[in-house]
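Report on the structure given below.
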Amino acid sequence: MLNIVLFGPPGAGKGTQAVFLKDAFELIHLSTGDLLRSQIAAQTELGVKAKAFIDRGELVPDQVVIDMIGTQLAENKSAKGFIFDGFPRTVEQAKALDVLMDKNNTAVSGMLALDVEKNELINRLLERGKTSGRSDDCCESVIENRISVYNEKTAPLIDFYSTQNKYYAINGMGTIDDIAARLKDTVKAL
């Protein structure tokens, strides 16, 4: 089973590239944001738990998200693999994901991290902000803060996956097709 953690700062193109990888390798794309929204909309037991935290303005606990991912793994046992988009974000989440994957007799194959220059990230997000309606894509200072938070939080994850020989830095500059080709070549080598 091919299981990829797709990582990168805001504006790196994770969503765009996740679709490419999903289609190229017949994987299931698990975006934690989409997963939370779908579980809440379906009013599943986990969705109700998650909504209670969100309604109080709190972060959904790691275990609830892990349980949602576990449900997806259980419901898709015949899948060729998964793309994890937006998860894990911390070393604790990465450890929990490893335990979950082990329980399902599989493992994370690799963490693909899209590296994009800061100025390019800012430009991409400002451009996206013109049509996305997202308030966090419209202000350069907010974007810079998001990038700083990402850089601060990712360093431990890079070390975590590097020690397992599962960290792959991918040049995220260039055309969508260029980046997709780099990702595809890396995935083929996993």
Inset, instruction - Taking every Cα atom in the chain, find the radius of gyration and the maximum pairwise distance Dmax, and write them in Å. - result: 16.5, 45
Legend entry - Pairs of alpha carbons in the stretch 116-190 whose separation is greater than 19 Å (percent): 52 percent
Inset, instruction - Provide the per residue accessible area, probe 1.4 Å, for the chain, rounded to a whole number of square angstrom. - result: 53 Å²
Inset, instruction - May I ask you to compute the full-extension gain from ASP55 to ASP178, defined as 0.36 nm times their residue separation minus their alpha-carbon distance, rounded to one decimal in nm? - result: 40.2 nm
Inset, instruction - Determine the calculated [θ] at 222 nm for the chain from helices alone, applying -39500 (n - 2.57) to every DSSP H run no shorter than 4 residues and normalising by the residue count; nearest 500 deg cm²/dmol. - result: -19000 deg cm²/dmol
Inset, instruction - Could you pull out every residue, at least 5 positions away or on a different chain, whose amide H is within less than 5 Å of the one on GLY86? Hs are placed 1.01 Å off N in the peptide plane, and Pro or chain starts have none. - result: LEU6
Legend entry - Extension reserve of the ARG89-ASN145 stretch, reckoned as 0.36 nm per residue once the Cα distance is removed: 18.5 nm
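The values are calculated or read from the model by the stated rules, or taken from the named source; none is laboratory data. These numbers were taken from a predicted model, which means no experiment stands behind them. Accessible surface is based on the protein model in full, side chains and every heavy atom, while ligands, DNA and RNA are left aside. Shrake-Rupley method; radii C 1.70, N 1.55, O 1.52, S 1.80 Å.
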